[in-house]
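Please treat every number below as a calculation from the coordinates, not as lab data. Please read all numbers here as calculations on a predicted model, not as lab measurements. Every residue, glycine as well, gets a Cβ built from its backbone with ideal geometry; the counts of neighbours run over all protein chains shown.
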Amino acid sequence: AQSVSQHNHHVILSEAASLELGCNYSYGGTVNLFWYVQYPGQHLQLLLKYFSGDPLVKGIKGFEAEFIKSKFSFNLRKPSVQWSDTAEYFCAVNVRLGNQGGKLIFGQGTELSVKP
Amino acid sequence: DTGVSQNPRHKITKRGQNVTFRCDPISEHNRLYWYRQTLGQGPEFLTYFQNEAQLEKSRLLSDRFSAERPKGSFSTLEIQRTEQGDSAMYLCASSLDRGGYTFGSGTRLTVV
């Protein structure tokens, strides 16, 4: 079965520090990849997505992610975090199987706390 | 508001009661998904529809759970004979084919 693994359960950083959150998935076929953010008390919001093309994807709020097919990874990065980035971050995979397999499979999430 | 709408936002029910949640997706989206999220975990897939057809159901969806999307627009998720283990946030999302998924704010269910 397909699965998504996020390496860190809780990350604590100071403002202006650089961020990298790891995400690995297990599936050998073609995938679409996503990062979602959930601010406290709010719903899931899309940060960025990769379908095809340039493996370096830029998203909202200065986030970017790199798809490395050989490593089955899609790590999220931000050069300089802000206190307002405090949230939970979820990596998700959508497996392409023709017209089937439309569901998103989520990782367990990484809680990011940014200290002012 | 053109986002995904879920009602109610909160539901407290006694064990053994039935509950029903509603999701109104973005109008032009043909796919609708239900997920369940518990504290500290990522959303777990329950079921999804393409138009009115229910294409996949997770093994997490026991016989007590049923979902419908009668006219390919809104959807309902019913839980019969609720148990304390059903307490969770129930999320709905919609998408257009394989595009980006838009999530609703969820319905938080507490079974007492």
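Observations on the structure shown:
- Our coupling estimate for segment B:74-86, obtained by passing each phi through the Karplus curve with A = 6.51, B = -1.76, C = 1.60 and θ = phi - 60°, is 6, 9, 10, 10, 10, 10, 9, 6, 4, 10, 4, x, 7 Hz, Gly and Pro reported as x.
- The mean number of partner chain beta-carbon atoms within 10 angstrom of a residue's beta-carbon across peptide A:40-52 is 3.
- Part-to-part distance (alpha-carbon centres) for segment A:48-107 and segment B:1-51, which is given in Å: 23 Å
- Percentage relative contact order, chain B, counting C-alpha pairs under 8 Å, at least six apart: 37 percent
- Label-to-label distance for B:V112 and B:I26 is 3.8 nm, based on points extended 7 Å past Cα in the beta-carbon direction.
- Local electrostatic count at A:Q108 - Lys and Arg +1, Asp and Glu -1, tallied over other residues with Cβ under 12 Å: -3
- For the protein assembly as shown, share of DSSP beta bridges that run antiparallel, in % to the nearest 5: 90 percent
- Approximate spin-label separation B:S5-B:E68, in nm, with each point projected 7 Å along Cα-to-Cβ: 2.0 nm
- A Förster radius of 25 Å combined with the Cβ-Cβ distance from A:K69 to B:Q54 puts the calculated FRET efficiency at roughly 0.15.
- Given +1 at the Cβ of Lys and Arg, -1 at the Cβ of Asp and Glu and no other charges, the dipole of segment B:1-102 around its Cα centre is 320 debye to the nearest 20.
- Dimensionless Rg/Rh of the protein assembly as shown - Kirkwood Rh, Rg from C-alpha atoms: 0.97
- Signed unit charges on C-beta, dipole axis of chain B, positive-most listed residue B:Q17, B:N30, B:F45: B:Q17
- Comparing A:Y89, A:G28, A:S14 along the charge dipole axis of segment A:11-116, the residue lying farthest to the positive side is A:G28, per the Cβ-charge model.
- Rel. contact order, % - alpha carbon contacts under 8 angstrom, at least six apart, chain A: 37 percent
- Largest first, the extents of the alpha carbon coordinates of chain B on the three principal axes equal 37, 26, 23 Å.
- Rounded to the nearest 20 debye, the dipole magnitude of the protein assembly as shown is 320 debye, with +1 charges on Lys and Arg beta carbons, -1 on Asp and Glu beta carbons, and the Cα centre as origin.
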